Structure formats: C-alpha cells, structure tokens
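To start, the structure under review is shown below, and the notes come after it.
The values are calculated or read from the model by the stated rules, or taken from the named source; none is laboratory data. These numbers were taken from a predicted model, which means no experiment stands behind them. Reconstructed Cβ throughout: ideal geometry from the backbone, glycine too, with neighbour counts over all protein chains shown.
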Amino acid sequence: MRTQVAIVGAGPAGLMLAHLLKLGGVDSVVIERRGRDHVERRVRAGVLEHPTVELLREAGVADRLDREGMPHHGISLRFDGADHRIALTDLTGKSITVYGQQEVVKDLIAARVGAGEPLLFDVSDVVVDAAAPLVTFTDADGTPQRLECDFVAGCDGSHGVCAGRVEATVHAHDYPFAWLGVLAKAPPSHSELIYAYHDRGFALHSMRTPEITRLYLQVAPDERIEDWPDARIWDELGRRLAADGFTLATGPILEKGITTMRSVVTEPMRQDRLFLAGDAAHIVPPTGAKGMNLAIADVWVLAEALGAYFREGRTDLLDAYSDTCLRRVWRAEHFSWWMTSMLHRAPDADEFQRRLQLAQLRYVATSEAAATSLAENYVGLPLQRHG
Ligand code: FAD
Ligand code: DHB
C-alpha cells in the first residue's frame, strides 16, 4: 500500500486530519487499533471551543453539531455555596458548544466512510519508522501490511506508539488527584456547566443532551471504581454541588470511570517525517476542557503545512509545525493547570492554600478583567497561522 500521509489513530486528531487533507487534495490512510463501535462509544470530552466549532463548520462536518449541539454562553463557578457566573459571550462575544467527543468522532467517521476513503479499524502490531518513512501493521484479517508514505501523522493518543519514536524532551507534571466521571440518565440540574470548589473536593456538572448529564468528582489517584457504588456517587455529588435553591437531578448511571490527571508536553512534536498531533504530543488535565480542542488545533496547522508541501513543494510550514503548535499548547497547559490548581483540594493543602484559592475565585468572580481572561481562554483563543 502507498499513500501520501499515513495517519496512526482514529480519534479526533487523526480523523480531522484525514478530513482536512482530503479537502486539500492530499491522500491519506487512517489505521486504528480499536473497532469502529468502540471508538464511537468512548465517552470523553464534551466542550467544543468557538474556533473548533468554526473549523468543523468550514470543513463541512457540522450539520448534526449545529442541530444537536448545545451552545452555552456562560459557566458557573460555585463556591461559598453560591454561583458566580462567568458570562462568556458578554465578555468575549463568543460561546462554547456542548457536544460529545464521540459525536464528533461519529460525524468524522461517517464523512470518511461516505467518501469511500481508507479507514482501517482493528489493526495490530503497528510499527512506525519515522525516517523511511514507513508504517507496518497487521490488518483486521490478520494479514501483515506495509504502508509506504511521504509522511506519518502520529495521532494515536497518550498510549500509542508514535510518541516513543520521537527523540524529544518530555515535560510532565502529575497531580495528586483524579476524576471520577459519570454519565447519567438524568436531565441537567442547571442550564450551564458548574465548576464547584468544595472542602470535600472539586465537582463538575456538565451535560450531553436535555436528558443526559455528565458529572465529575475529584477523587484520590489510587481510588478504585468498585468502591464507588452509585448511591455513594450521588451522595458525594449532592454534597459538593449543594447551593441555595439547587436540586441535583439523579437517575440511572449509564457509565462510570476514573481518569488520572497529568500535564505532558513533548518537544519537539516531530522526528524526521513523523509529526505528532493531539494527545500523542501533549496531555492537559481535563479542567478547562482543552484536550480535544488542542488536538483539532494541531491538525489544522499540520493539514495546512502538508497541503503547502504537496501543492507547492514548500517545507517551511512543516519545519515551523512544532513551534507553531507549541505556542498554543503551552498557553492551554497553563490555563488547564491554573483552573485545576484553583478548583481542586490537594490532599496536603493547608489553610493558607485554601485561602489563596478562595481569594483567586473571588477575584475571578468579581473583576471583569480577571473574568475576561478566564473567558477568552475558555472559549478558545483564535487559531494562529504559522510563524
Ligand atoms: P485519542 O482520542 O486518544 O485518539 C487516539 C486514537 O489512537 C484512539 O482511537 C486509539 O485507539 C488509537 N491508537 C492508540 N494506539 C494506537 C496504535 N498503536 N495504532 C493505531 N491506533 C492507535 N478535551 C476537551 O477538549 N474537552 C473536554 O471537555 C474534555 N474532557 C475530557 C474528559 C475526560 C474524562 C477525558 C479522559 C478527557 C477529556 N478531554 C477533553 C481530553 C480529550 O478527550 C482528548 O484530548 C482527545 O481525545 C485527544 O484526541 P486524540 O485524537 O489526540 O487522541
Ligand atoms: C466536560 C469535561 C471537562 O473536562 C470540562 O472542563 C467541562 C465539561 C464534559 O465532559 O462535559
């Protein structure tokens, strides 16, 4: 097999890259370790930044997003038992859209399959040679395959094989907590997202549809999901989200899981003819909802650079790829770390740290300048062209 760009991984990064390349007349083959059903059902992110939504629209894959996505014009910071609204749209002129990551993935797979473009699920034994460049793997039928290409895009997430092929400096930071996430068949209890600071730990109220809520609890990193029966989860959510006049709607829990939190940046995001994008290159803690949005921003830069190479023989944009992406990545790393630090209770935190967090929360809630800073990061800074 031969193609111009071999794309490893069919998450948001790999699928969006394939779609943007196709729009630019560049051929690619996407290979994915998991099955289509698994990829389409994996519950993860839910908040799309303004630039992500604009990009999905420009790329012609936002019909269902425009019908079913839920535009949000504000979020609440809940502390001291009351809500403090950050008026995203009043402060920035922009909004975010609540639409599940797996819905974006479904839409991109449908576009790819509908166009008859190659997307191979259930592959195994993936080996990447960054210099050749070459990708070998075993296909779903058990047949060994050689995929020759001009470039490899490493879009295989944080547990993939591509990051390990890059001689890079890895900057990493661990947090002393994790998130327990649940998807519940219960209507949202509030029309907007609630980020709750509480002495018992952080909690987040989000949603997927008018009938389905998505909720998160800060837990210890070594917590086991078996120790969290549904009743305990609802009890803890009720305590942490308590506020005057607020009633938490409950219902059957459809899914639950624990995610550890890390910050990771791989520098540079390139080795020879292999380019990393999305979680393969960087991870943010989920507070602030930046991960999927960064993945989409990376592949937008990569698609432009690859397009310029194949159309005009230019290599300058490819050479600038890592630096261009890392500027946005580090901004998002800082924002995610800052939101995480402001809202979570570290196990060893003393009263001094608690007072600092409350002082920061009160400042963000009462200063238009501080609220605007949070808001412009939250809705997403404009996508930067190269340079
Ligand atoms: P992935 O989605 O991880 O996709 C990588 C793909 O590569 C996978 O399909 C995987 O199966 C495949 N793969 C792995 N290894 C191989 C291999 N060897 N060969 C072939 N294929 C392989 N982000 C936001 O923007 N907003 C949010 O609200 C948000 N909330 C989150 C909440 C939680 C609980 C979690 C866990 C994450 C959240 N994120 C959020 C982060 C977001 O989900 C990720 O940043 C996003 O999935 C990154 O996309 P990706 O395509 O880079 O990687
Ligand atoms: C969701 C996830 C986040 O990390 C976040 O900050 C807000 C919402 C969600 O899954 O809905």
Any strands (runs of 3 or more DSSP E) falling wholly within the stretch 105-152 and containing at least 1 residues that are among the small types (Gly, Ala, Ser): 124-129
Residues being on the phi > 0 side of the Ramachandran plot and either among the small types (Gly, Ala, Ser) or buried (at least 19 other Cβ atoms within 10 Å of the Cβ) (or both) - total across the stretch 100-125: 1
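Among the residues of the stretch 275-301, which ones are away from ligand 1 (no atom under 12 Å from the Cβ) and in a helix (DSSP H, G or I)? Walk me through how you get there before you give the answer.
Here is the first cut: in the stretch 275-301, the ones away from ligand 1 (no atom under 12 Å from the Cβ) are 275, 300-301.
Trp300, Val301 - these are the residues of the stretch 275-301 that are away from ligand 1 (no atom under 12 Å from the Cβ) and in a helix (DSSP H, G or I).
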Hits in the stretch 76-86 - residues which are surrounded by fewer than 19 Cβ atoms within 10 Å (Cβ to Cβ) and touching a Leu at 6+ places or on another chain (Cβ under 7 Å): His84
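If a residue must be polar (S, T, N, Q), within 22 Å of Asp174 (Cβ to Cβ) and away from ligand 2 (no atom under 15 Å from the Cβ), how many such residues does the stretch 198-253 contain? Even if it seems obvious, please write down each step before you answer.
Going residue by residue through the stretch 198-253, those that are polar (S, T, N, Q) are 206, 209, 213, 218, 247, 250.
If we keep only those that are within 22 Å of Asp174 (Cβ to Cβ) as well, we get 218.
From the residues that got through so far, the ones that are away from ligand 2 (no atom under 15 Å from the Cβ) too are none.
So the answer is 0.
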The one condition in (1) buried (at least 24 other Cβ atoms within 10 Å of the Cβ); (2) closer than 30 Å to Pro187 by Cβ; (3) aromatic (Phe, Trp, Tyr) that Trp234 fails to fulfil: (1)
Long-range neighbours under 7 Å by Cβ, at least six apart or interchain, first residue at pLDDT 95 or above within the stretch 1-14, second outside any loop (DSSP other than H, G, I, E, B) and of a type in the set (Phe, Trp, Tyr): Gln4/Phe310; Val5/Phe151
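For the stretch 254-274, indicate whether the set of residues that are over 26 Å from Pro221 (Cα atoms), within 14 Å of ligand 1 (Cβ to nearest atom) and either aromatic (Phe, Trp, Tyr) or under 21 Å from the mean Cα position of the chain (by Cα) (or both) is non-empty.
If we filter the stretch 254-274 for residues that are over 26 Å from Pro221 (Cα atoms), which is where we start, we get 267-274.
Cutting the leftovers down to within 14 Å of ligand 1 (Cβ to nearest atom) gives us 269, 274.
Subset that is either aromatic (Phe, Trp, Tyr) or under 21 Å from the mean Cα position of the chain (by Cα) (or both): 269.
Within the stretch 254-274, one or more residues are over 26 Å from Pro221 (Cα atoms), within 14 Å of ligand 1 (Cβ to nearest atom) and either aromatic (Phe, Trp, Tyr) or under 21 Å from the mean Cα position of the chain (by Cα) (or both).
Kindly indicate which of Glu54, Glu68 is closer than 30 Å to Gln4 by Cβ and out of contact with any Ser or Thr (no Cβ under 7 Å at 6 or more places or on another chain).
Glu54
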